[in-house]
Structure formats: structure tokens, C-alpha cells
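Asker: Just passing along the structure, written as C-alpha cells.
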Amino acid sequence: MLIFLTILHVAVSLFLIAVVLLQSGKGAEMGASFGSSGSQSVFGAGGGTTFLSKLTTSAAVVFMLTSLTLAYLSGSPSSSSIMAGKVKAATKVPAPVTQPSAPAPAPTAPVAPVGTK
């Protein structure tokens with residue numbers, strides 16, 4: 001689903017760029033080739049601007065929806081990871097290692113000093 005949304009998002013963005021470039025501005029841009037300012041046009045008199053503005057609005061809405069959906073899906077945690085085994089191994093607390101202690105020294109009896117009589 002993520003791949004489909006990414007392809008749709010790229011296609012809509014390219015379509016949105018094309019539709020914006022087709023609109024007529026203050027001068028005669030690419031929109032003039034489709035007759036957006038004449039009565040002998042493909043879309044009729046004045047129909048080109050309305051049609052292109054509707055296309056721009058719908059493409060912008062689809063672009064924003066795919067943007068929000070892709071952002072939501074990329075932020076959610078995934079169920080699989082290549083580091084899943086490493087994370088689980090690192091979070092396990094190893095059992096404390098007890099080393100055998102040395103035997104306690106045997107108590108000795110006090111020894112009398114050698115030089116005293």
C-alpha cells in the first residue's frame with residue numbers, strides 16, 4: 001500500500017505542476033495554447049479558467065491527502081525490522097555471574113612472643 005501511495009503521490013504532483021503551468025497568468029503563457037482567453041477555444045469562452053481551476057483544486061486536495069497519509073504511515077512503528085533480533089538481545093538483562101569465593105582462612109591460636117621469659 002505504501003508503494004501505491006508513493007506512486008500516486010508522485011503522479012499527482014507531476015499533474016499538479018502541469019495544470020498550474022497551463023493556467024493563464026498576466027501574460028500569455030502555456031495556457032494560451034489551449035485558448036483559455038478566447039472564444040474559439042477547446043473549453044469554450046471563459047470555460048478554460050474554470051475547468052483548469054477545478055483541476056488545480058482537485059489535484060491539490062489529492063496531493064495533500066496523499067501527503068498526510070504518507071506522513072502518518074511513515075511515522076507509525078513497523079512490525080518488522082532488521083534490527084529486531086539485536087534490540088531484543090540488547091534489552092535482556094544477563095544473569096549475574098557469581099564467582100566462587102575463596103575459602104575463609106582457618107583461625108589461628110595466638111602465638112607467644114619468642115624473646116620474652
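No value in this document is a laboratory result; all are computed from the given coordinates. What you see is a predicted model; the values in this text were computed from it and never measured. Heads up, the Cβs are rebuilt from the backbone with ideal geometry, glycines too, and the neighbour counts pull from every protein chain shown.
Asker: State the extension gain, in nm to one decimal, for the chain segment bounded by residue 106 and residue 71, taking 0.36 nm per residue of separation less the distance between their alpha-carbons.
Answerer: Result for the pair: 5.4 nm of gain on full extension.
Asker: Each residue of segment 7-14 in order: what ³J(HN,Hα) in whole Hz does its phi give by Karplus 6.51 cos²θ - 1.76 cosθ + 1.60, θ = phi - 60°, with x for Gly and Pro?
Answerer: With coefficients 6.51, -1.76 and 1.60, one gets 5, 4, 5, 5, 5, 5, 5, 5 Hz.
Asker: Give the calculated FRET efficiency between residue 8 and residue 56 to the nearest 0.05, with a Förster radius of 22 Å applied to their Cβ-Cβ distance.
Answerer: 0.80
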